Amino acid sequence: MKAVDVGGELRRRIVERGPITFAEFMDVVLYWPNGGYYSTRAALGAQGDFYTAPLTHPVFGALLAAQLAQMWRVMGSPQPFWVLEPGAGTGTLGRDIARYAAGADPAFAAALRHVGVDVRAVAGGVRSDHLPFRGVRGVVLANELLDAMPVHRVTVAGGELRELFVGLDGGGGFEERVGEPSTPALAQRLDALGVELAEGHRAEINLGLDAWCLDVADALDEGYVLVIDYGHEAAAYYDAARRAGTLRCYAGHTLNMDPYRDPGAQDISVHVELTSLRKAAEAAGFSFVGSASQAGFLRGLGFEEYRADVVARRGIAPRVRTANLRALDTLVAPDGMGAFCVLAFGVGVPAAREGLDGFAARASRTPGGPRLSAPLATAEHMPLGPAPEPAMPTWEELTR
Ligand SMILES: C[S@@+](CC[C@H](N)C(=O)[O-])C[C@H]1O[C@@H](n2cnc3c(N)ncnc32)[C@H](O)[C@@H]1O
């Protein structure tokens, strides 16, 4: 039987081999070339299913450019300075970084070489599921990449760790099956974290983190890795308060919890378990440099000055001002994107946060600097008119 769509491909695999792991299901649903969600759909932005920070407002890219310029200076201003961006998506972040790099530092802008990498074609970038580069000096920047990586799902039944597989029901639909773990690596991961799940607790485990960090280490000789994603340390990630796990599905800017609905037509994502990410990065040779909430990171780099500039800007229509302020506030919303985590790792660079304002843990940039002129949203960003609100988790979900 020749599979023609994602559902057909999944059924073929299950009929041939029996129930498949959730990680395999998620990999096919999101990345199978012939109909996988990210392979074929415009997932992001107003016409897609959800917003990310780069698509929300260009101030995100402008402030990241400021952070990258500082990293470049800490590294002794190398020429060229590479910024590799796996999971570049629409390419908007790379374009904004390039657009606003000169505002951060004209010499940095001249040294900057940005390359977007994605499993789907990205304008001016590279199509790949890994980083096909070696000997890089610069930064690897991953915004909302790790939350889109396939994960295994586990639970505890009868006091034993079990894995959640995907099988077929009598009508050919997908259904969950509970079975022996497909690999000892699942129990080993939880043991290494000192985590014991309670009976009935469901949780996700990303076994791909180690390989991802090694891939980054192979590419990057000297510089920083910046990871931005919604995540928690292991203790909170596997806390009984999250006993349903962190899996979320998005379609048409609406959230649901059913990964088996319309395979290939909706996004599936999970929060990132940060303790294992840190361990994987350290095992791959990186030092931990610092972490901040997205709100703290952006504020440390000058977010409030940009916002004040939009408030005071002359000659813009009230509608434009309101829309820009709404998008800006979305970037730092404490119950949404503002609570995302920004992590920095380094190799061959100082393991200190010094000189990196995004990690300086202060409420806003040092006063007295030049007043910043904020970029305003373009057609690439959140629309200025009535728009779907970003599909952010609700406060109940975040605190569950
Ligand atoms: C949630 S989207 C984020 C896109 C973009 N970073 C942003 O913030 O707007 C995740 C992106 O990662 C890409 N992706 C997933 N796995 C990847 C991999 N192994 N290598 C490169 N890109 C990948 C997907 O195709 C998708 O474009």
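No value in this document is a laboratory result; all are computed from the given coordinates. Since this is a predicted model, take the numbers as computed values, not measurements. Cβ atoms come from the backbone with ideal geometry, glycine included; neighbour counts cover every protein chain shown.
Size of the stretch 79-228 from its Cα atoms: along the principal axes, largest to smallest, the extents are 62, 39, 25 Å. With the convex hull of its Cα atoms as the shape, the stretch 23-121 has an orientation-averaged projected area of 7.2 nm². Our summary gives the chain a relative contact order of 20 percent, counting only alpha carbon pairs under 8 angstrom and 6 or more residues apart.
Within the shell defined by Cβ-Cβ distances under 11 Å, the residues around L146 carry a net charge of -4, with Lys and Arg each +1 and Asp and Glu each -1. Restricting attention to the stretch 208-302, close to 75% of DSSP beta bridges with both partner residues there are antiparallel. The stretch 274-346 and the stretch 1-32 have Cα centres lying 37 Å from one another. Counting only DSSP beta bridges whose two residues both lie in the chain, roughly 60 percent are antiparallel.
Between the amide H of L112 and those of F81, distances stay under 5 Å, these residues lying 5 or more places away or on another chain, with hydrogens modeled in the peptide plane. Computed from backbone phi with θ = phi - 60° and the Karplus coefficients 6.51, -1.76 and 1.60, the 3J(HN,Hα) list for the stretch 262-269 is 6, x, x, 9, 9, 7, 10, 9 Hz; x is used for glycine and proline. Ellipsoid semi-axes for the chain, based on the Cα gyration tensor and the rule √(5λ), read 36, 24, 20 Å when sorted largest first. Annotation: amide H of C341 within the under-5 Å range of D229, Y230, G231, Q294, sequence separation 5 or more or interchain, hydrogens built in the peptide plane.
Just to compare against my own numbers: the Cα pair-distance distribution for the stretch 129-214, 5 Å bins, whole % per bin, please. Once binned at 5 Å, the Cα pair distances of the stretch 129-214 give 3, 11, 19, 19, 14, 13, 10, 6, 4, 2, 0.
Sorted on the mean count of surrounding Cβ atoms within 10 Å across their residues, most packed first, peptides 227-237, 20-30 read 20-30, 227-237.
When the Gaussian network model of the chain links Cα atoms closer than 10 Å, the mean-square fluctuations of G338, G252, G18 top out at G18. Here the chain is assigned +1 on the Cβ of each Lys and Arg and -1 on the Cβ of each Asp and Glu. Its dipole about the Cα centre then comes out at about 1300 debye.
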